[in-house]
1. So is Val120 of a type outside the set (Ser, Thr, Tyr), open to solvent by less than 40 Å² (accessible area, probe 1.4 Å) and either farther than 22 Å from Met203 by Cα or modelled with pLDDT of 75 or more (or both) or not?
2. Just one of (1) at pLDDT below 60; (2) in a loop (DSSP other than H, G, I, E, B); (3) surrounded by 14 or more Cβ atoms within 10 Å (Cβ to Cβ) trips up Met7, so point out which.
3. Kindly provide the set of residues from the stretch 142-177 that are assigned to a helix (DSSP H, G or I) and either basic (Lys, Arg) or surrounded by 22 or more Cβ atoms within 10 Å (Cβ to Cβ) (or both), ordered by number.
4. Looking only at residues that are over 11 Å from the mean Cα position of the chain (by Cα) and polar (S, T, N, Q) in the stretch 81-96, which one is least open to solvent (accessible area, probe 1.4 Å)?
5. Out of the stretch 210-257, which residues are in a loop (DSSP other than H, G, I, E, B) and of a type in the set (Gly, Ala, Ser)?
6. Go through the stretch 43-67 and give me each residue that's out of contact with any Asp or Glu (no Cβ under 8 Å at 6 or more places or on another chain), surrounded by fewer than 13 Cβ atoms within 10 Å (Cβ to Cβ) and farther than 14 Å from Gln79 by Cβ.
Amino acid sequence: MISGDIMRLKIASLSISAFLLMGSATYAATPYTVQQNDTLWSIAQKKNVSLKTVIGMNRLSSSLIFAGQTLYVPSSSKQYTVKYGDTLYKIASASNVSLWAIQQLNPQVKQINWVYPGQVLDLPAAAAQKPAAPAPAPTQPSVGAYATQVSQLVNQERQKAGLAPLTLDAELSNVALAKAKDMIAKNYFDHNSPTYGSPFDMMRSFGIDYTAAGENIAKGQTSPQAVMNDWMNSPGHRQNILSTNYDSIGVAYYQGAWVQLFKK
């Protein structure tokens, strides 16, 4: 369900049952001066990269090139075969490259979760690699103080209604933070992100499984209590907060943007 905006401060909710912001590219590029009789295909073969890598990196709209033109090719390149359970987010993290860079080199992938097992993707070379260091002990994503306070307020409201508390999920909060940052960076207020798609697509692209899910968003409130007051005074948001369909919650706050994600 989606609820409308409030006059001064914005809030919106969305739910469904049963079913990082990305900056500049982080790959290294080498300039190449087009020679007489060169074609994009011959350059790709010469540099041992795919044709679509050359086209994507230079944002070419046609195959026409001319002698003396400067093109950019990856300093090195490799290909990756998508495995079951992969998402572009997982591949980018494992390969130490940006999501944006992979999307630029693979224009056939229209959204970050539109990949399938057996698909071959071009991966850019990572930029400056840090010296290898001993792997730290695995840690869970941290949850901010505001997120913790909102989660506590949610469970207070659920306790009043005789409902079981929701578990504050650090990984789900990490997704919520990415959504909050995206809303600020792209200057929008909507459940559908121009970067990640719907909140349900976004959860799956971050590797979050669920059988029921929902989202509350808000903008402009200055404290956890203020945003909870607005959400609880809105039927759609209140329904998500007091729903028996969920057992976990993720919460994030970033520069005035608030996001709650619910799942089971």
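The values are calculated or read from the model by the stated rules, or taken from the named source; none is laboratory data. Since we're looking at a predicted model, the values are computed, not measured. Note that we place each Cβ from the backbone using ideal geometry, even for glycine, and neighbour counts take in every protein chain shown. Quick note on the areas: whole protein, heavy atoms, side chains included, nothing else; ligands and nucleic acids left out. Shrake-Rupley method; radii C 1.70, N 1.55, O 1.52, S 1.80 Å.
1. Values: of a type outside the set (Ser, Thr, Tyr): yes; open to solvent by less than 40 Å² (accessible area, probe 1.4 Å): no; either farther than 22 Å from Met203 by Cα or modelled with pLDDT of 75 or more (or both): yes.
Here the answer is no, as Val120 does not meet what is asked.
2. Every listed condition holds for Met7 apart from (3).
3. Initially, the stretch 142-177 is screened for residues assigned to a helix (DSSP H, G or I), giving 145-160, 170-177.
Within the stretch 142-177, Ala147, Val150, Ser151, Val154, Arg158, Lys160, Leu172, Ser173, Val175, Ala176, Leu177 meet the criteria.
4. Ser95
5. The initial filter retains those residues of the stretch 210-257 that are in a loop (DSSP other than H, G, I, E, B), namely 210-211, 220-223, 233-234, 242-247, 255-256.
Listed by number, the residues that qualify are Gly220, Ser223, Ser234, Ser243, Gly256.
6. Gln45, Lys46, Arg59, Ser61, Ser62, Ser63, Leu64, Phe66
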